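Structure, as structure tokens:
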Amino acid sequence: MDNKTMFMVLLFAIVFAVCLLFGIASRKAIKGHYDEMQKMNQGKANQIAFFTTLIFLATYFVYDYIMGDTFVRLSAAFLALITIVIGVTVYLAYSIWTNAYIQVNQNGTAAFILYAVLALLNLSVFFLNMDDLHITINNGILQFDSNFVQLAVAIVFGVCPVVFFVKKALDKREN
């Protein structure tokens with residue numbers, strides 16, 4: 001077994017063990033619910049994420065229409081990946097910032113530590129596969145391989161704990 005395969009097996013075992021531990025711990029936690037203010041903030045987060053995604057796609061459309069023949073275009077898969085990352089990240093960041101992500105009577109610290117671990121693991125897999133990373137420009141269209149999905153997942157899962165712990169620190173500072 002080569003080093004990459006051994007690392008992937010070890011990585012899977014670690015992630016599985018961590019998920020199992022958090023799963024067992026979460027069963028003992030008090031079951032919560034979302035109150036009306038949280039549901040309202042989640043709706044607002046949906047609106048903001050939608051309009052952010054819409055603005056990004058409109059900006060890209062204008063760029064592609066005006067300068068698409070001069071500069072590089074994105075492949076459909078790359079554009080979709082970027083759009084998904086932007087929309088999900090905006091939704092999660094706004095929901096976390098407005099305390100609409102975690103249910104009432106629940107502590108989200110353990111979940112966000114797990115998110116940080118998942119982000120670091122995905123980032124490490126991305127960096128381990130840097131030698132196999134392929135970014136090509138075919139007929140003026142920028143294309144990528146599946147290793148960028150690891151980076152996208154790392155970004156989404158990495159933003160969540162950062163926003164959560166910054167919010168938590170600011171809340172402690174105010175009190």
Legend entry - Efficiency of FRET from Cβ geometry, Ser75 and Lys4, R₀ 30 Å, rounded to 0.05: 0.70
Legend entry - Heavy-atom accessible surface of the stretch 44-175: percent carbon and sulfur, 1.4 Å: 68 percent
Legend entry - Rg/Rg_globular for the stretch 132-175, with Rg_globular taken as 2.2 N^0.38 Å and Rg from C-alpha atoms: 1.93
Inset, instruction - Please give the length that would be gained between Ile137 and Ala169 if that part of the chain were fully extended, namely 0.36 nm times their separation in residues minus their C-alpha to C-alpha distance (nm, one decimal). - result: 7.1 nm
Inset, instruction - Determine the equivalent ellipsoid of the stretch 71-129 by diagonalising the alpha-carbon gyration tensor, then write out the semi-axes as square roots of 5 times the eigenvalues, largest first, rounded to whole Å. - result: 29, 18, 7
Legend entry - Sequence ranges 37-44, 61-68, 118-125, ranked by mean other-Cβ count within 10 angstrom, highest first: 118-125, 37-44, 61-68
Inset, instruction - For the chain, calculate the relative contact order in percent as a whole number, restricting contacts to Cα pairs under 8 Å that are 6 or more residues apart. - result: 29 percent
Legend entry - Potential lengthening between Gln103 and Tyr34 on full extension [0.36 nm per residue; Cα-Cα distance subtracted]: 24.3 nm
Inset, instruction - Sorted from largest down, give the three principal axis spans of the alpha carbons of the chain, whole angstrom values. - result: 56, 48, 27
Inset, instruction - Give the accessible surface of the stretch 41-175 per residue, rounded to a whole number of Å², with probe radius 1.4 Å and ligands, DNA and RNA excluded. - result: 59 Å²
Legend entry - Computed accessible area, His134, all protein chains, 1.4 angstrom probe, square angstrom: 110 Å²
Inset, instruction - Can you give me the span-like helices of the chain, meaning DSSP H runs with 24 Å or more of Cα extent along the axis and Kyte-Doolittle mean at or above 0.5? - result: 3-28, 76-97, 109-128, 147-174
Inset, instruction - Mind jotting down the distance between the C-alpha centroids of the stretch 134-175 and the stretch 56-120, whole Å? - result: 7 Å
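The values are calculated or read from the model by the stated rules, or taken from the named source; none is laboratory data. Computed from a predicted model, the values in this text were never measured in an experiment. All Cβ positions, glycine included, derive from the backbone under ideal geometry; neighbour counts span all protein chains shown. Each accessible area value is taken on the protein alone, full model and side chains, heavy atoms only, with ligands, DNA and RNA left out. Shrake-Rupley method; radii C 1.70, N 1.55, O 1.52, S 1.80 Å.
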